[in-house]
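Some notes on the structure that comes next.
The values are calculated or read from the model by the stated rules, or taken from the named source; none is laboratory data. Since the structure is predicted, the reported quantities are computational estimates derived from the model, not experimental observations. Cβ sites come from the backbone with ideal geometry, for glycine too, and all protein chains shown count toward neighbours. Areas reflect the complete protein model, heavy atoms only, side chains present, ligands, DNA and RNA absent. Shrake-Rupley method; radii C 1.70, N 1.55, O 1.52, S 1.80 Å.
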Amino acid sequence: MALTIRRLLATQRPSFSFEFFPPKTDEGEQQLWQAIRDLEPLRPTFVDVTYGAGGSTRDRTLRVVERIANETDLTVVAHLTCVAVSREDVRATIRRFRDAGVRNVLALRGDMPGGPDVAWEAHDGGLHHAEDLVRLLHEEGDFCVGVAAFPEKHPEAADLATDVKYLAQKCAAGADFAITQFFFDPADYFRLVRSAREAGCTVPIIPGVMPVTNVRQIERFAALSGAAFPEDLAARLRAVQEDPQAVRAIGVEVATELAHGLLDGGAPGIHFYTLNRSTATRQIHARLNGS
Ligand SMILES: Cc1cc2nc3c(=O)[nH]c(=O)nc-3n(C[C@H](O)[C@H](O)[C@H](O)COP(=O)(O)OP(=O)(O)OC[C@H]3O[C@@H](n4cnc5c(N)ncnc54)[C@H](O)[C@@H]3O)c2cc1C
């Protein structure tokens, strides 16, 4: 049976994990598998596969997760959202995951098909919050369940304290670990962890780091996620944006410094948003390991 992330995080410090998304095209599939093959020798604690916006990739997510489980030595986490589906449909997907041998799931609410700017409305007879999905997963099987956390608060939350209260509810519902949205200021991460502990959430909270390899892409992601994109970093990147190598070099330097600060301050590991590419992640990983 597949190992649980809970157990791996208890024994591997620091943990390193790599996030991938299920591609839509054959070319994307090749790029994904190249990245997986390039990153596998780093022996990450786990890798994870996202669930498409609007709940659009159930079959693709499952296919990638199954192929990683069958063709590599990697421990894999499948993301799952509650968007645009009834409780019974989510239950059916959980059963498919279970029957395919998926043991580790990141339980997410997701955003509306129109994107995070569209006000959230639960599907008729569907789940309202990630917390409900955590409970449903535990009802359906022996899953190890992760949840999302937000160092700069979730964009819909009135303030960090309110958001952390709900993170603590996800933990009380049975979450085993949390992974954060990407961010650029380590102080935001440490403030989140302190608040979560005060609210009674004791699970490992793994900081998410997005290596900047493309200025426009990261600005778009930051706008969607609500993460602040630091002006000084934006200015440094814009100054070299015609030179992809120079952009990557700055991205690697900034992400390495951030990851060092996080690990030195006691973070349990680093979660890399790879965007299905390996070069920047490999360079940062090598620097963190002193090579
Ligand atoms: C690590 C990570 C991975 C992600 N992967 C994916 C992915 O694969 N696919 C995808 O579509 N999206 C993904 N997302 C994005 C995520 O789905 C969105 O950010 C979504 O808006 C929030 O999801 P959540 O699980 O945090 O929701 P929730 O925990 O339900 O929180 C959503 C909002 O509701 C509030 N809230 C929570 N519980 C309650 C409650 N009980 N009562 C009242 N309010 C409550 C929270 O404060 C927050 O403002 C990911 C995000 C992260 C950080």
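Which one is nearest to the ligand (Cβ to nearest atom), of the residues in the stretch 141-172 that are among the aliphatic types (A, V, I, L, M) and under 24 Å from T4 (Cα atoms)? So, considering only residues that are among the aliphatic types (A, V, I, L, M) and under 24 Å from T4 (Cα atoms), the one nearest to the ligand (Cβ to nearest atom) is A148. Residues of the stretch 112-123 that are in contact (Cβ under 8 Å) with a residue 12 or more places away in the chain, more than 19 Å from R58 (Cα to Cα) and over 19 Å from the mean Cα position of the chain (by Cα): W120 alone.
Among residues that are assigned to a loop (DSSP other than H, G, I, E, B), buried (at least 18 other Cβ atoms within 10 Å of the Cβ) and among the aliphatic types (A, V, I, L, M), L127 is included. With respect to the stated conditions, I270 is under 19 Å from the mean Cα position of the chain (by Cα), under 20 Å from A227 (Cβ atoms) and not basic (K, R). Here D117 passes the criteria (1) closer than 23 Å to A178 by Cβ; (2) exposed (fewer than 15 other Cβ atoms within 10 Å of the Cβ); (3) not small (G, A, S) except the one numbered (1). For the residues A199, A187, A267, A228, the requirement of being within 19 Å of F16 (Cβ to Cβ) and small (G, A, S) singles out A267. Selection of the stretch 246-266 for residues being open to solvent by 80 Å² or more (accessible area, probe 1.4 Å) and more than 17 Å from M210 (Cα to Cα) yields only D264.
Restricting attention to the stretch 150-184, and to residues there that are closer than 15 Å to E198 by Cα and of a type in the set (A, V, I, L, M, F, W, C), which single residue is nearest to the chain's Cα centre (by Cα)? Result: L167. Remark: T50 falls outside the filter, which requires a residue to be under 22 Å from A175 (Cβ atoms), at pLDDT 95 or above and more than 15 Å from the ligand (Cβ to nearest atom). Here D73 passes the criteria (1) near the ligand (Cβ under 10 Å from one of its atoms); (2) under 30 Å from L258 (Cβ atoms); (3) open to solvent by 50 Å² or more (accessible area, probe 1.4 Å) except the one numbered (1). Scanning the stretch 115-140 for residues that are more than 17 Å from F97 (Cβ to Cβ) and more than 9 Å from the ligand (Cβ to nearest atom) yields G115, D117, V118, A119, E121, A122, H123, D124, G125, G126.
Here R109 passes the criteria (1) touching a residue at least 24 places away in the same chain (Cβ under 8 Å); (2) under 17 Å from V49 (Cα atoms); (3) open to solvent by 10 Å² or more (accessible area, probe 1.4 Å); (4) more than 10 Å from the ligand (Cβ to nearest atom) except the one numbered (4).
Residue count for the stretch 1-57 satisfying the condition of being basic (K, R) and surrounded by 15 or more Cβ atoms within 10 Å (Cβ to Cβ): 1.
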